[in-house]
Amino acid sequence: MKQAEFLQKLFAALEPLSAEEREQIREYVEEMFCDAMEQGLSEEECAAQFGSPEQAAREFREGAAQREEERQNGLAVAGRELASRPERKEGGKSLFRPDHPCTALKLDVHNFSLHVSPWDGPELHILFEVNEEEDEIRSERRGDVWVFTCFRKRRGWRMFGALFGSRTRKMEIFVPRTFRGRLSLSTTNARIAMEGCEALSSLLLKTTNASVSLQHCSGGELCCRSSNGALHVEDVHGDTLQAVTSNARVELTSCVWQGACGVHTSNGSISASQVEAGSLSLQSSNARIHVEQVRASSITLATSNGSIGGTVVGDPEEYTITTSTSNASCSPKTRAIPGAQKALSASTSNGSVALQFVS
């Protein structure tokens, strides 16, 4: 579908919106077509990124309804009590920090790479270059939680920007070394890297279409999530870990968890080296799983169309072992040990199982 036809059908479906809103959408869509064609896409390919004109119009209308609901509820930025104010810094960057004691940060942004590191000061703070024309920034207090968001001002259709390669910017988050609270950090289409933060009570790092790296950290419940992006966890200690992605690899190195460590991906390999946990579950599909010197009372390794191999620390006589594959060799063999307190399960298809116990 050509641009002119797409626009005609789109605006026919936008009649409930005001003339001003329709004109803003027209400018935005034309800009998206222009940007996409500069990247080498045809008009037809650009239109396909939006979906059908009716589907795109529905998204725009829902965004307009959401903005009106926020206005009615008194949640517009102009009427909101902000929990922090930006302070202009050198290099054109703005610094945000809470104006009240907080034990948690909930951050939700789009198309920002997040770089998280410790510092010796007393307060959480966020540093990045603000685009005053495009950024809709909200910073508010919810009990002891600092909630910080940054989206495109035209929030009804910000989702379409990601389809056409919106520019990724860098946001730095500084965590006091004495901070013992909760962090929930979410972005889209950009990498998250965190290093050197210790003794957090809980941590969530979440993105899409990009990697997550967590190094030299410790805490309670730790979670790393992505889609179509690799996960790298190194020298991390905590109570539990959940690491979930798709179509990408997961790497764990030199980690200890008192409770459960659960890893799940698809179409991506998993490697775990010098990992200790109460229970260890590594699951993938269409890729290999490799472990080196892992230790846990319960170990589950499962994939398909890929091999499983490596070493497990412990005495094989302490484990009930269940292994299975098809069209390949399998070692060790399945066996039950009466009274065994530990369990090892390894299953795949069209790939070998080759695990050894080491002291």
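The values are calculated or read from the model by the stated rules, or taken from the named source; none is laboratory data. Quantities reported herein were computed from a predicted structural model and do not represent experimental measurements. As a convention, Cβ positions derive from the backbone with ideal geometry for all residues, glycine included, and neighbour counts pool all protein chains shown.
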Single match in GLU31, GLU45 (criterion: in a helix (DSSP H, G or I) and either closer than 23 Å to GLU134 by Cβ or assigned by TED's automatic domain parsing to the domain that holds ARG152 (or both)): GLU31
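Has the stretch 245-261 got at least one residue that is small (Gly, Ala, Ser), at negative phi and within 17 Å of the chain's Cα centre (by Cα)? Talk me through it step by step, then tell me what you get.
First, pick out the residues of the stretch 245-261 that are small (Gly, Ala, Ser): 246, 248, 254, 259-260.
Then drop every residue that is not at negative phi, which leaves 246, 248, 259-260.
Adding the requirement that they be within 17 Å of the chain's Cα centre (by Cα) leaves 246, 248.
Yes, the stretch 245-261 contains a residue that is small (Gly, Ala, Ser), at negative phi and within 17 Å of the chain's Cα centre (by Cα).
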Test: residue in the stretch 236-256 that is more than 20 Å from SER213 (Cα to Cα) and out of contact with any Cys (no Cβ under 7 Å at 6 or more places or on another chain): no
The stretch 162-187, residues that are at pLDDT below 95 and surrounded by 22 or more Cβ atoms within 10 Å (Cβ to Cβ): THR187
The stretch 110-134, subset crowded, with 18+ Cβ neighbours inside 10 Å and at pLDDT below 90, residue nearest to GLU59 (Cα to Cα): HIS110
Scan of the stretch 213-235 for residues that are surrounded by fewer than 20 Cβ atoms within 10 Å (Cβ to Cβ), part of a loop (DSSP other than H, G, I, E, B) and hydroxyl-bearing (Ser, Thr, Tyr), ordered by number: SER227
Any hit, the stretch 336-343, residues being buried (at least 17 other Cβ atoms within 10 Å of the Cβ), part of a strand (DSSP E or B) and at pLDDT 95 or above: yes
Number of positions in the stretch 135-154 that are surrounded by fewer than 16 Cβ atoms within 10 Å (Cβ to Cβ) and not small (Gly, Ala, Ser): 4
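What residue, among those in the stretch 227-244 that are polar (S, T, N, Q) and at pLDDT 95 or above, is farthest from the chain's Cα centre (by Cα)?
Quick first cut of the stretch 227-244, residues polar (S, T, N, Q) only: 227-228, 240, 242.
Still in the list and also at pLDDT 95 or above: 240, 242.
Values: THR240: 17, GLN242: 12 Å.
Top of the filtered list is THR240.
In this structure, is THR300 closer than 24 Å to CYS255 by Cβ, β-branched (Val, Ile, Thr) and part of a strand (DSSP E or B)? If you could, list the steps in order and put the result at the bottom.
On the way: closer than 24 Å to CYS255 by Cβ: yes; β-branched (Val, Ile, Thr): yes; part of a strand (DSSP E or B): yes.
For THR300, the condition - closer than 24 Å to CYS255 by Cβ, β-branched (Val, Ile, Thr) and part of a strand (DSSP E or B) - is met.
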Residue within the stretch 236-252 that is closer than 26 Å to LYS170 by Cα, of a type in the set (D, E, K, R) and crowded, with 17+ Cβ neighbours inside 10 Å present: yes
Subset of the stretch 115-139 (residues that are under 27 Å from TYR28 (Cα atoms) and in contact with a strand residue (DSSP E or B) (Cβ under 6 Å, 6 or more places away or on another chain)): PHE128, GLU129, VAL130, GLU134, ASP135, GLU136, ILE137, ARG138, SER139
Considering residues of the stretch 269-286 that are at pLDDT 95 or above and outside any strand (DSSP E or B) only, the residue nearest to THR325 (Cα to Cα): SER284
Residue within the stretch 73-92 that is on the phi < 0 side of the Ramachandran plot and modelled with pLDDT of 75 or more present: no
Hey, ILE299 farther than 24 Å from SER227 by Cβ, within 30 Å of the chain's Cα centre (by Cα) and surrounded by 19 or more Cβ atoms within 10 Å (Cβ to Cβ) or not: yes
Whichever residue in the stretch 199-212 is surrounded by fewer than 17 Cβ atoms within 10 Å (Cβ to Cβ) and not aliphatic (A, V, I, L, M) and, among such residues, is farthest from LYS106 (Cα to Cα): ASN209
The stretch 26-56 - residue that is polar (S, T, N, Q), exposed (fewer than 14 other Cβ atoms within 10 Å of the Cβ) and modelled with pLDDT of 75 or more and, of those, farthest from ALA4 (Cα to Cα): GLN55
